Amino acid sequence: MKINILRRITLAVAFLAVVVGLVLNAGTGTFSSFGWQAIAAICPLGVLESFVASRTIFPRALIVLVVTAVFVIIFGKAFCSWLCPVVPLRSLLRVKTWKALLKHKNGKEVNAQIRVNPTDISADIPTDVKTPPTCKHCSGCASQRTKLDSRHLILGGTLLSAAVFGFPVFCLICPIGLTFGTVILLWQLFGPNEVGLALLLYPALLVLELLVLRKWCVKFCPLGALLSLLSLPNRLFRPKVDSSQCLRMKGVDCSVCIDACPEEIDPHCQQDLHDCSKCGLCAEKCPASAISIPFRQKNSSKSVLP
Ligand code: SF4
Ligand code: SF4
């Protein structure tokens with residue numbers, strides 16, 4: 001099964017688990033605090049906000065935070081691609097997605113294609129080159145994305161606002177919270193409780209955030225920032241580029257993997273890979289099958305070069 005399909009199924013199953021929990025009144029909660037009775041996975045950002053807002057460290061929440069940190073060290077930012085409901089929502093709000101769906105319906109090619117001019121390809125380059133391919137889109141790995149960026153500033157602001165106002169302010173506008181808030185309100189429509197204006201306000205705010213802050217995940221999300229910091233020691237499930245197969249080594253200006261990456265990273269750049277959300281898209285789209293990911297079966301090499 002293609003990794004992209006598996007990812008979509010996981011996203012749908014996780015989302016449905018929350019909805020079923022609500023419908024059956026099973027008390028499983030939402031992604032902000034999902035679990036069963038005393039066992040719960042609480043949002044690590046929410047935990048940190050509660051600590052600074054109340055100026056108290058709750059032992060149970062601290063245990064959850066440590067368990068989350070261990071999970072992130074093993075699986076990196078996999079939550080962002082495999083569980084977060086904001087990813088499919090953002091995709092639904094993109095014109096590009098609808099255009100691709102329409103093209104697909106009309107039987108046209110939708111996969112990213114690189115335009116290779118055979119005369120650009122240097123035939124002399126040996127295929128067993130040991131040097132790693134250089135990043136065409138930066139002036140060297142050292143100048144790639146710094147470990148701290150705009151998301152970390154927002155993470156700082158999130159914690160500061162919780163300390164100043166004494167409650168987790170960001171949770172009021174968190175897109176994940178707004179998504180499940182909307183689901184809860186929709187469900188309450190069938191119950192005895194009044195829903196009121198919130199049913200309009202939550203989805204409107206959510207759509208506005210995702211439309212205005214188009215690059216939410218890579219530029220603004222404080223949870224992504226926190227996961228990115230926690231996943232600095234992560235070394236597992238990283239994509240690996242086979243230099244001997246990469247088209248860049250053959251003189252082709254290929255950037256299919258970068259264009260496919262939802263985290264906007266270049267899988268060739270080791271410094272950025274702590275931000276990898278293990279989606280596997282780079283490996284799936286690479287026209288030369290030069291990228292492998294441990295949990296994904298590698299495609300047989302595609303022939304793109306003459
Ligand atoms: S998509 Fe594949 S061939 Fe192209 S630059 Fe990335 S790893 Fe190399
Ligand atoms: S580097 Fe590859 S696996 Fe990692 S987030 Fe980007 S596209 Fe997904």
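The values are calculated or read from the model by the stated rules, or taken from the named source; none is laboratory data. Small disclaimer: the values here were computed from a predicted structure and weren't measured. Cβ sites come from the backbone with ideal geometry, for glycine too, and all protein chains shown count toward neighbours. With ligands, DNA and RNA removed, areas are computed over all heavy atoms of the protein, side chains included. Shrake-Rupley method; radii C 1.70, N 1.55, O 1.52, S 1.80 Å.
Annotations for the structure displayed:
- Apportionment of accessible area to carbon and sulfur, the range 143-204, percent (1.4 Å): 76 percent
- Other residues lying with their Cβ under 11 Å from the Cβ of Leu223 contribute a combined charge of +1, Lys and Arg counting +1, Asp and Glu -1.
- Cross-link pairs beyond the 25 Å C-alpha cut-off, checked among Lys147/Lys250; Lys2/Lys219; Lys219/Lys278; Lys99/Lys240; Lys103/Lys250: Lys147/Lys250; Lys2/Lys219; Lys99/Lys240; Lys103/Lys250
- ³J(HN,Hα), Karplus 6.51/-1.76/1.60, whole Hz, each residue of the range 205-217, x for Gly, Pro: 5, 4, 5, 4, 4, 6, 7, 6, 9, 4, 9, 3, 5
- Å² per residue, accessible surface of the range 203-281 at 1.4 Å: 38 Å²
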